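The structure appears below as structure tokens.
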Amino acid sequence: MGQGVYFSDVVLADILTSLAKVMGDIWLSLLMLVPNGSLLAPPVQEGWLQWIVPLTMCLPYAARLRQCVIEYFASSSPSNKRALVNALKYSTSFPVIFLSAAQRLVESELAVENGPEVLHSPWHGEHPLLLAVVVNSVFSFWWDVTNDWGLSMLQSPSEHQTQVKQQPSSKSTQNENGSRTDHPYPETKYPNGLRPILLFNDPFVYYAAIGLNFVLRFTWSLKLSSHLHTLANMENGIFILEALELIRRWIWVFFRIEWEAVKKGGATMERTLVNEEVEIDTIFNAVT
């Protein structure tokens, strides 16, 4: 565990967490292709088979949690608890997955006992699931903005000062004799809630990304809203939710790579606040 985790592996694992539902559907697809299976109806799962889908959906989160633990033990500073807090964030996904699976089992049993019309009632013991989803969504949104994107909007003053120290305070230029000279960046005010170094010129891009991330983090509300209960259980509704999650993750990747580039770019990074352009190749070279 002392080797650490590559940034590219972290991004890949995070992307896979957005495909957790797809991974569960792969198992269902395999069951539909076996002998006596049907492509026109969901496969019948009984006994322990009912828990394979939620276990499969847990795999990306478990992999990401393991990476966080490796980062913690590989850190040169034992007092750094950031990786453990990140691991706690991913662990909040497991109650959501298993409570959701348990809820479906309860609904199936109620339908057998009382008829399918009982499924149209708004609640079937969903309060624990609602609490788990709120905790996971709020925790994840806060982490996206403050840690994955490095923005100060939801940070405490002490956290913000620690983060500012991670960003380069000067740029270095090479002289004719081969030596280098550091030029401190001017103390310039930056847009409220963001950070001193922004690689995208328009601050509105960051505010729009934060707003979209907040809304798309909470698309789970479609399934829990009684008047949209039918929509969320239709194939089209599930497809829409998955498409929205992929859009959110696509936006997340851009700003996650940008923040990593700002932290590791050092002298190659330029402040947009002084109107200096940053080539996209420089961003990815700084990360890798």
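Coordinate-derived values only; no laboratory data. Fair warning: this is a prediction, and the values are worked out from it, not measured in the lab.
Could you give the length gained by full extension between ALA62 and ASN201, i.e. 0.36 nm per residue of separation minus their alpha carbon distance, to one decimal place? Numbers along the way, then the final one.
On the way: separation 139, 0.36 × 139 = 50.04 nm, distance 3.66 nm.
Roughly 46.4 nm would be gained on extension.
Note the full-extension length gain between MET23 and VAL138 as 0.36 nm times their separation in residues minus their Cα-Cα distance, in nm to one decimal. Don't skip to the answer; put the middle values down first.
Working: separation 115, 0.36 × 115 = 41.40 nm, distance 2.41 nm.
In short, 39.0 nm is gained.
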